[in-house]
Amino acid sequence: MTTTTPVPADPGWLWAELGLAVEVSADVRGGGLDALVGLALRRNPRRAHLLVSRVLGKHLPVAPGAGLAAGADLAALVRALPDFPADGAAAAAARHDGGVRTGPLVIGYCETATALGHAVADGLAGSHYLHTTRRGLSGVPPVLEFTESHSHASHHWLVPEDPAILRGGEPIVLVDDELSTGRTALGTIRILHAHAPRGRYVVATLVDARPAAARTAFAELATELGVRIEVVALIAATVTVPPEIADRAASIRARLAGAAPPTQVSPPAQVSPPVQVSPSVQVSAPARVSASVQAGHPVRWLAADWPADLPEGGRYGWSPAHRRRLDDALAPVAAAVRAALTRPDGRTLVLGTEELMYTPMRIADTLAAAGFGEVRYQSTTRSPVHPVDVEGYAIRAALTFPAPDDPSRVSHVYNVRPGVYDDIVLIVDSGADAASPAPVADPAGLVAELRRCAPVAVLTLPAYRPARPEQAR
């Protein structure tokens, strides 16, 4: 007997069935909420639904320039705030300061907003950048830690190589993809202010969906601490959530169970180290690997000729000098990646991994700027989302696999399936969690899933190891 899954005809069906009501109060770009986010169901008992960004490059593939442009637009909103110290004089100083901060400190939230935070910092002259992390490294204790109460992975650490970066008096700009309750941002401000008081905090977000009570809480905290707390967003909207939304979501999942693609976890496998073939890229020799990795499209293992002491991202801090060094490194790395593609003029997905988003996005943008083929970018994620293969639902397919940096847990990538791309470029770093039994990152489980969809080139960036001096915090 054949059963059919009811497919809603209205593209906005999920908003209606969950009982979500939206009222937009400000729209910087003028495209409406649907231009920035789609909607999906979480696998998270704390929150039933997820606003899925169409510009972030996390759950959904985007043109790499779209994610960078979103950060640039938020930076412009920050610069436009009254009396905000990010002007031409600071930009001129930043070109000669050798890395000294002349602008604000920008902090992005992992894992979703690590690249967005980088892009905001790029638009604020003289700024330094730091993102929170969930990756622990032995010998590198966190300076600050806090929790995100509603998250699937609630713990955050701030681990700057130079703890003094958190003790200046400059404004702090917190960057996240979405403000729903605002509790995470408020908690962060309290912790930062207790550590090192300052007079101004700005929260920059793609979507400000706080209810009225949450907006009042921001004003109350500003009064309590005697500081300025400002929020800028590409779109501000009030999203009314019915109290029975968890029951509604469960009912929808049950009804559409037949449209949920099967999910399985591929085991990790052993691979050989790469061998040098050119100054900019390495390609591995044939290796004996498990059947799970052998099955499917071909795989090439690459390693970049990466500048010494250049961090792969902002986990330990990122200065204007780091930005300039990355700018210089991108072209040769992107050229080497392009040389490894089976169809350089085809459809290519560049895939970052969890917190490692910004450098892969920049590599993807450099590939796209060369004008060959169609390049899209997205990232793997810890976020568990319920996939449903029906029109109007944001997450249509899911791959689940052991996390490359910690095979004791799983990670996910969404909307990647056979026939969509001619090549997939997976970018990982060589680091591992302190608690991980793996001495280095092992992406083989992810590769096994990806190569069922398209040929895969795996680019490994060396994980930066801070040599932080012992000093009082």
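When segment 324-363 is examined, which residues are found to be of a type outside the set (A, V, I, L, M), crowded, with 19+ Cβ neighbours inside 10 Å and at negative phi?
The answer is 338, 348, 352, 353, 355, 358, 359, 360, 362.
Write out, first by first residue and then by second, each pair whose Cβ atoms fall under 8 Å of each other, whose residues are 6+ apart or on separate chains, and whose first residue, in segment 442-456, is among the basic types (Lys, Arg) while the second is modelled with pLDDT of 95 or more and assigned to a loop (DSSP other than H, G, I, E, B).
Every condition considered, the pairs that remain are 451/297; 451/298; 452/297; 452/418.
When residues of segment 368-397 are filtered for being within 17 Å of the chain's Cα centre (by Cα), surrounded by fewer than 24 Cβ atoms within 10 Å (Cβ to Cβ) and in a strand (DSSP E or B), how many remain?
Count: 3.
Tally the residues that are at pLDDT 75 or above and surrounded by 18 or more Cβ atoms within 10 Å (Cβ to Cβ), restricting the search to segment 147-157.
The total comes to 2.
Checking residue 352 against (1) of a type in the set (Gly, Ala, Ser); (2) assigned to a strand (DSSP E or B); (3) at pLDDT below 95, which test does it fail?
(3)
Name the residue, out of 267, 197, that is in a loop (DSSP other than H, G, I, E, B), modelled with pLDDT of 95 or more and not aromatic (Phe, Trp, Tyr).
Values: 267 fails: modelled with pLDDT of 95 or more.
Result of the check over 267, 197: 197.
Can you tell me which of (1) buried (at least 23 other Cβ atoms within 10 Å of the Cβ); (2) under 18 Å from the mean Cα position of the chain (by Cα); (3) at pLDDT below 95 is the one residue 130 doesn't meet?
(3)
Would you confirm, using the coordinates I've provided, whether residue 56 is among the hydrophobic types (A, V, I, L, M, F, W, C), closer than 19 Å to residue 110 by Cα and either free of Cβ contacts under 8 Å to residues at least 24 places away in the same chain or in contact with a strand residue (DSSP E or B) (Cβ under 9 Å, 6 or more places away or on another chain) (or both)? Explain how you work it out, then say what you get.
Values: among the hydrophobic types (A, V, I, L, M, F, W, C): yes; closer than 19 Å to residue 110 by Cα: yes; either free of Cβ contacts under 8 Å to residues at least 24 places away in the same chain or in contact with a strand residue (DSSP E or B) (Cβ under 9 Å, 6 or more places away or on another chain) (or both): yes.
Judged against the criteria, residue 56 is a match.
Please count how many residues of segment 289-306 are at pLDDT below 90 and within 17 Å of residue 458 (Cβ to Cβ). First the steps, then the outcome.
To start, the set of residues in segment 289-306 that are at pLDDT below 90 comprises 289-295, 303-305.
Narrowing further to those that are within 17 Å of residue 458 (Cβ to Cβ): 289-290, 292-295, 303-305.
Looking only at that region, the number is 9.
Looking for whichever is modelled with pLDDT of 95 or more and not in a helix (DSSP H, G or I) here; the options are 116, 81. Which one fits?
Numbers: 116 fails: not in a helix (DSSP H, G or I).
The unique qualifying residue is 81.
Taking residue 337, is it farther than 21 Å from residue 114 by Cα, in contact with a strand residue (DSSP E or B) (Cβ under 7 Å, 6 or more places away or on another chain) and either part of a strand (DSSP E or B) or not assigned by TED's automatic domain parsing to the domain that holds residue 132 (or both)? Before the answer, list the steps.
Details: farther than 21 Å from residue 114 by Cα: yes; in contact with a strand residue (DSSP E or B) (Cβ under 7 Å, 6 or more places away or on another chain): yes; either part of a strand (DSSP E or B) or not assigned by TED's automatic domain parsing to the domain that holds residue 132 (or both): yes.
When the stated conditions are applied, residue 337 passes them.
Restricted to segment 227-259, and to residues that are in contact (Cβ under 8 Å) with a residue 24 or more places away in the chain and part of a loop (DSSP other than H, G, I, E, B), which residue is surrounded by the most Cβ atoms within 10 Å (Cβ to Cβ)?
The extreme case among them is 256.
Can you name the residue in segment 348-387 that is touching a residue at least 60 places away in the same chain (Cβ under 8 Å) and of a type in the set (D, E, K, R) and, of all such residues, is nearest to residue 110 (Cα to Cα)?
Here the answer is 355.
Tell me, which residue of segment 418-452 that is touching a Pro at 6+ places or on another chain (Cβ under 7 Å), assigned to a loop (DSSP other than H, G, I, E, B) and closer than 16 Å to residue 379 by Cβ is modelled with the highest pLDDT?
443
Residue-wise test of (1) hydroxyl-bearing (Ser, Thr, Tyr); (2) under 16 Å from residue 205 (Cβ atoms); (3) surrounded by fewer than 20 Cβ atoms within 10 Å (Cβ to Cβ).
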{"position": "16", "(1), (2), (3)": "no, no, yes"}
{"position": "19", "(1), (2), (3)": "no, no, yes"}
{"position": "23", "(1), (2), (3)": "no, no, yes"}
{"position": "26", "(1), (2), (3)": "no, yes, yes"}
{"position": "35", "(1), (2), (3)": "no, yes, yes"}
{"position": "41", "(1), (2), (3)": "no, no, no"}
{"position": "46", "(1), (2), (3)": "no, no, yes"}
{"position": "52", "(1), (2), (3)": "no, yes, no"}
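Scan 365, 309, 328 and give me the residue that is within 24 Å of the chain's Cα centre (by Cα), of a type outside the set (A, V, I, L, M, F, W, C) and modelled with pLDDT under 95. Quick ask: steps written out before the conclusion?
Details: 365 fails: modelled with pLDDT under 95; 328 fails: modelled with pLDDT under 95.
It is 309.
The values are calculated or read from the model by the stated rules, or taken from the named source; none is laboratory data. The shown structure was predicted, so the numbers you read here are calculated from the model rather than taken from an experiment. Because the Cβ atoms are built from the backbone with ideal geometry, glycine has one as well, and the counts that use them run over all protein chains shown.
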